[in-house]
């Protein structure tokens, strides 16, 4: 009876942990840091920040990524490129909360006059 109870509890523990195991991010490439040691201070993992940035622009691809500090705020800065577009987009993700905190755009390219 004791062995059976232990087996049931072990199965229950594995099933309870399954969602957390499935939701773990696969290890991605290390993110470039503007200053050494920033990644150790960031509660939000780079893979989660990448997903958040790409969710804003489906179909975009990341061309640059860096973890930087502005003031006391850590943020991931992702440079994105939309398919078929020469424009670059920049998405800022707060490394402490995971919130998208900014999407500054490059200025529109100046059009040359035909005259």
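Structure notes:
- Restricting attention to the stretch 1-38, the residues being modelled with pLDDT of 90 or more, under 20 Å from residue 98 (Cβ atoms) and out of contact with any helix residue (DSSP H, G or I) (no Cβ under 7 Å at 6 or more places or on another chain) number 3.
- Scope the stretch 82-95; condition crowded, with 19+ Cβ neighbours inside 10 Å and assigned to a strand (DSSP E or B); matching residues: 89, 91, 92, 93, 94
- Restricting 98, 59, 79 to those that are touching a strand residue (DSSP E or B) at 6+ places or on another chain (Cβ under 9 Å) and either touching a residue at least 60 places away in the same chain (Cβ under 8 Å) or surrounded by fewer than 19 Cβ atoms within 10 Å (Cβ to Cβ) (or both) reduces the list to 79.
- Selection from the stretch 35-56 of residues that are loosely packed, with under 15 Cβ neighbours inside 10 Å and within 13 Å of residue 91 (Cβ to Cβ): 51, 55, 56
The values are calculated or read from the model by the stated rules, or taken from the named source; none is laboratory data. Just so you know, these numbers come straight off a predicted model, no measurement behind them. We place every Cβ from the backbone using ideal geometry, glycine too, and count neighbours over all the protein chains shown.
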